[in-house]
Structure formats: C-alpha cells, structure tokens
Amino acid sequence: MAQQQSSEIRYLNPVTVEVKKKKYCRFKKLGIKYVDYKDPEFLKKFLNEQGKILPRRLTGTSQKFQKKVAQAVKRARHLALLPFVTDMMK
C-alpha cells in the first residue's frame, strides 16, 4: 500500500494530436473555371449523406465558386441527376 504513484501517464497507444489542414479552394488550386452540372460524381463531393449542400466553412470553397456549386447542384437536381433528399447517398 505504500506504492508511490508516478506523475508520468502512460498510454497503450500513442496519443494522436489532430493537426488541422489549411482549407483551400479546390477550384482555384486546380484552375477550374466552370462547374459542370452534368457531372454528378464531382458534385457529390459537396453534398452530405442526406443530399444537403455542404457549407463553405467545411469544404473551404471560396464564395464565388460556392455560389456556382450551389447553382450546379440545383440544376442537377432539377434534371434528376442528383436526388433532392436521400437516406444514405455515400
């Protein structure tokens, strides 16, 4: 009962420290000037599992291209290339 507790804490697995990556606009980085509404696989990267458009703060897209993405997603939904609502898209 007279054991001393060490002040050093040991873990079974090494503690991972999350390093946040800098967000960037993939359109500016790749030099994309036009968001094609006829490419649903590309547009799915900007939707969550329910089919909602992801906000800029999560994707890192600039305001100019976020508006173009939103318009392209809406056009693709209208033409039934993307669903309006779904349970599990990805």
Order by accessible surface, 1.4 Å probe, largest leading, for residues Arg26, Arg57, Arg75, Arg10 comes to Arg10, Arg57, Arg75, Arg26
What's the angle, to the nearest 10 degrees (0 to 90), between helix 63-78's Cα axis and the longest principal axis of the chain? 60 degrees
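Take the Cα radius of gyration of the chain and divide it by 2.2 N^0.38 Å, with N its residue count; two decimals is plenty.
Details: Rg = 21.5 Å, N = 90, 2.2 N^0.38 = 12.2 Å.
Taking the Cα Rg and dividing by 2.2 N^0.38 Å, one obtains 1.77.
May I ask you to compute the full-extension gain from Leu81 to Arg10, defined as 0.36 nm times their residue separation minus their alpha-carbon distance, rounded to one decimal in nm?
Difference between extended and current length: 20.3 nm.
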Dipole of the chain, positive end: most advanced residue of Leu82, Tyr34, Val19 [Cβ charges, Cα centre]: Tyr34
In sequence order, calculated HN-Hα J values of segment 25-38 (Karplus, 6.51, -1.76, 1.60; Hz; x Gly/Pro): 7, 5, 6, 5, 5, 8, x, 7, 9, 10, 9, 8, 6, 8
Kindly flag which residue pairs out of Lys29/Lys67; Lys33/Lys67; Lys20/Lys68 have an alpha-carbon separation exceeding 23 Å in this structure. Lys20/Lys68
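With all protein chains present, how much of the accessible area of the chain (probe radius 1.4 Å) comes from carbon and sulfur, to the nearest whole percent? Provide the component values of the computation, followed by the final result.
Values: 4250 of 8020 Å².
It is 53 percent, rounded to a whole number.
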Taking the Cα of Gln71, stepping 7 Å toward and past its beta carbon, and measuring to each backbone N in segment 26-55: which are under 17 Å? 27-28, 32-39, 43
If the only charges are +1 at each Lys and Arg Cβ and -1 at each Asp and Glu Cβ, what is the size of the charge dipole of the chain around the Cα centre, to the nearest 20 debye? 780 debye
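The values are calculated or read from the model by the stated rules, or taken from the named source; none is laboratory data. These numbers were taken from a predicted model, which means no experiment stands behind them. Reconstructed Cβ throughout: ideal geometry from the backbone, glycine too, with neighbour counts over all protein chains shown. Just so you know, the surface numbers come from the protein's heavy atoms only, side chains and all, with ligands and any DNA or RNA stripped out. Shrake-Rupley method; radii C 1.70, N 1.55, O 1.52, S 1.80 Å.
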